[in-house]
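Right, one structure below, let's go through it.
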Amino acid sequence: MLTYQKVTIQSPLKPYQVREKLMGIVDTDYQIGEKSITPLYRGKIHQDSFQISKIIYHLSSDRYRESFFPVLDGQIREHNSGSQIDIQIKIHPGVMIFFGIWLITAGRATWVSLMMLKSPSFAVFFSPIAIFLAGLAIPMITFIVMAHHSKKFLMNFLKE
């Protein structure tokens, strides 16, 4: 599925060092609209796991969460002389439910619109299809790009 990915990172860092590094970039007390620009992610870090998502900054330093950005669920385990971090990257389940309802509604409206046309022009025929396809593509593209960015960042960040 396009909204779910897995990645495993091998790190020379010990599990406690991985947690410490993550604590440096994750705000566990994040509030929407706060004026700090230090952390890159918001979420929770536990003894052997974490759940984080990217924070977006505006020019005014306001922070907010983009719903289609991935949530990273990670498990930290000791492995050889370092750590193994298994990460599941996915869209929040509430967003998936909203997305499913939106697609069903948009698909039904598209189907009804196309069935009611008697002599459709290209623009009239293509408009509902384009809306449906845009509703499908925009969240997927956002997820894929941000998942790739987060994977690349964490791979480099936890290798040091």
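The values are calculated or read from the model by the stated rules, or taken from the named source; none is laboratory data. In this text, all values refer to a predicted model and were calculated from it rather than measured experimentally. A quick note on method: Cβ atoms are made from the backbone with ideal geometry, for glycine too, and the neighbour counts reach across all protein chains shown. With ligands, DNA and RNA removed, areas are computed over all heavy atoms of the protein, side chains included. Shrake-Rupley method; radii C 1.70, N 1.55, O 1.52, S 1.80 Å.
Could you please tell me which pairs satisfy a Cβ distance under 6 Å, a separation of 6+ or placement on different chains, a first residue in the stretch 88-112 that is in contact (Cβ under 8 Å) with a residue 24 or more places away in the chain, and a second residue that is surrounded by 14 or more Cβ atoms within 10 Å (Cβ to Cβ) and among the β-branched types (Val, Ile, Thr)? From residues that are in contact (Cβ under 8 Å) with a residue 24 or more places away in the chain, the pairs are LYS90/VAL71; ILE91/THR3; HIS92/VAL71. Can VAL95 be described as at pLDDT below 90, under 24 Å from ALA137 (Cα atoms), within 17 Å of the chain's Cα centre (by Cα) and β-branched (Val, Ile, Thr)? Yes; evaluated as a whole, the condition is true for this residue.
Would you be able to tell me the number of residues in the stretch 80-111 that are open to solvent by 50 Å² or more (accessible area, probe 1.4 Å), over 26 Å from ARG42 (Cα atoms) and either touching a helix residue (DSSP H, G or I) at 6+ places or on another chain (Cβ under 9 Å) or not in a helix (DSSP H, G or I) (or both)?
Here is the first cut: in the stretch 80-111, the ones open to solvent by 50 Å² or more (accessible area, probe 1.4 Å) are 80-81, 88, 90, 92-93, 96-98, 101-102, 104-105, 108-109, 111.
Still in the list and also over 26 Å from ARG42 (Cα atoms): 80-81, 101-102, 104-105, 108-109, 111.
Those still in the list that are either touching a helix residue (DSSP H, G or I) at 6+ places or on another chain (Cβ under 9 Å) or not in a helix (DSSP H, G or I) (or both) too: 80-81, 102, 109, 111.
Count: 5.
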